[in-house]
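Here is the structure we will look at, set down as structure tokens.
The numbers here are math on the coordinates, done by the rules we state, and not lab data. Keep in mind it's a predicted model, so treat the numbers as computed, not measured. Don't worry about glycine lacking a Cβ; one is built from the backbone with ideal geometry, like all the others, and counts go over all protein chains shown.
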Amino acid sequence: MIELTVSDMTCGHCAATITGAVKALDPQATCEVDLGAKRVKVETALSAERVRAAIERAGFSPAVEAAP
Ligand SMILES: [Cu+2]
């Protein structure tokens, strides 16, 4: 489980964009977005860095908080 803080996501559209960006790289990935806490939990075979970079390319400023 990779955990990221994405301080500039604000709404459901942001959550959908982030989920889509991760699933574009790993269709099996599951994303759990907590807008209130600005946290995203991702279950995926991708590396934390690839997940972080994908979210950044989608226009956000993610920081990896925990990774396996
Ligand atoms: Cu939004």
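Report, by residue number, each residue of the range 1-38 that is among the charged types (D, E, K, R) and touching a strand residue (DSSP E or B) at 6+ places or on another chain (Cβ under 6 Å).
Selection gives GLU3, GLU32, LYS38.
Tell me, which strands (runs of 3 or more DSSP E) lie completely within the chain with 1 or more residues that are surrounded by fewer than 18 Cβ atoms within 10 Å (Cβ to Cβ), free of Cβ contacts under 8 Å to residues at least 40 places away in the same chain and within 16 Å of the ligand (Cβ to nearest atom)?
Result: 30-34, 39-43.
Hey, can you tell me all the residues within the range 6-55 that are of a type in the set (Val, Ile, Thr), more than 8 Å from the chain's Cα centre (by Cα) and closer than 15 Å to ALA67 by Cβ?
Listed by number, the list holds a single entry, THR44.
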